Amino acid sequence: MGEEISNKQVVLSNYVKTSLKESDMSLRTSKIQLKIPSGCDGTVLVKNLYLSIDPFILALMKNQELELPSFTLDSPIYGFGVSKVLDSSHPNFKTGELVWGFTGWEEYSLIKDPDQLFKVQDKDLPLSYYIGILGMPGMTAYVGFFKYCSPKKGETVYVSAASGAVGQLVGQFAKIAGCYVVGSAGSKEKWGFALMKVDLLKNKFGFDEAFNYKEEQDYNAALKRYFPDGIDIYFDNVGGKMLEAVLNNMRLNGRVALCGMISQYNSLEQPEGIHNLINALVKRVRMEGFFTSDHYHLYPKFLEMVVPLIKEEKITYVEDIAEGIESAPGALFGLYSGRNVGKLLVVVARE
């Protein structure tokens, strides 16, 4: 038997019915042994260091399955994290190794199915990057843009939710590919926050243009202003009315990568309809959804491209960091309130 210690956890208190509330989550302290119980072959025990705050988490809090099973009441929420292996009965993982992948929103997790854990490859880079630019968001941007958008030099690219974990990378990949790039971001005007996001897109990430969508009364007119000759590629993180406006402005043989639908996660029971799909037909637009989990076989190829870009400072990444596992509920609520700038994550422990 191993040492028994306390384990702070964030658990689901209520299934979300309409909009997310911090009270839908609660903090709980349980006990955990720092040794894998006998009979648990193929299991790893980890200490969680960083937890990722991602939009898909809300869908799982609504008792609806997308690709992943929904959360269980009174059980820890889960998502992507960076962790240190404390004990292992799995042949591929050793004590002391650093890994990233699915883990619980808790200080310590017993992972019974570690097949989708990845070992940290380059310890010279910040560990937090493995739930950001070197983890799922980075892979999402890479796969979605290069595989599904097939960019060509000189094409026009529009990215929604462009200041987030994925969007900021898509824009930079597009500039590296020689494209003209416009991004949109939005937040309530508070302490100049909306202006900060737009400024970040243009001056930090190198977008050619950027706008605050919350200041626009007419998305269609806004897109015509920035893309007078139309859009070749749209990387969609929001869906809804923005997707509808984009279809009005697509060029012949345009491509749309459906990455996320953050505008719809609060209304999955009655999502907004798209009323102008005839544009996809007339303009021969290829519109395709994807899940990053279908493409992890490309992860080594992705690292070959992105790690040198980071080290040569040809690409940059902004993180929005909350301290302590008790800050996770507020961080997730803030994600849906537009409070974050960049990749939102929680530091549980630094070692």
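Just a few scattered comments:
- In summary, Asp294 fulfils each of the numbered conditions (1) farther than 22 Å from Tyr148 by Cα; (2) of a type outside the set (A, V, I, L, M); (3) open to solvent by 40 Å² or more (accessible area, probe 1.4 Å) with the single exception of condition (1).
- Residue among Lys62, Lys8, Lys47 that is within 22 Å of Met136 (Cβ to Cβ), outside any loop (DSSP other than H, G, I, E, B) and of a type in the set (Lys, Arg): Lys47
- Selection count, region 81-108, where residues are of a type outside the set (A, V, I, L, M) and more than 23 Å from Pro137 (Cβ to Cβ): 12
- Condition check for Phe302: touching a Cys at 6+ places or on another chain (Cβ under 8 Å) and either within 30 Å of Gln121 (Cβ to Cβ) or surrounded by 16 or more Cβ atoms within 10 Å (Cβ to Cβ) (or both): no
- Just one of (1) more than 26 Å from Ile57 (Cα to Cα); (2) of a type outside the set (Asp, Glu); (3) free of Cβ contacts under 8 Å to residues at least 40 places away in the same chain; (4) in a helix (DSSP H, G or I) fails for His275. It is (4).
- Among the residues listed as Asn248, Asn220, the single one being touching a residue at least 12 places away in the same chain (Cβ under 8 Å) and either under 25 Å from Phe290 (Cα atoms) or not assigned by TED's automatic domain parsing to the domain that holds Ile278 (or both): Asn248
- Some residue of region 322-336 being buried (at least 18 other Cβ atoms within 10 Å of the Cβ), touching a Phe, Trp or Tyr at 6+ places or on another chain (Cβ under 8 Å) and not aromatic (Phe, Trp, Tyr): yes
- Qualifying position, being among the small types (Gly, Ala, Ser), assigned by TED's automatic domain parsing to the domain that holds Ala174 and under 30 Å from Val120 (Cα atoms), among Gly334, Gly289, Gly254, Gly239: Gly289
- Within region 337-351, considering residues that are in a loop (DSSP other than H, G, I, E, B) and modelled with pLDDT of 95 or more, the one surrounded by the most Cβ atoms within 10 Å (Cβ to Cβ): Val348
The values are calculated or read from the model by the stated rules, or taken from the named source; none is laboratory data. Because the structure is a prediction, the values reported are computed rather than measured. Cβ sites come from the backbone with ideal geometry, for glycine too, and all protein chains shown count toward neighbours. Remember, those area values only see protein heavy atoms, side chains included, never the ligands or the DNA or RNA. Shrake-Rupley method; radii C 1.70, N 1.55, O 1.52, S 1.80 Å.
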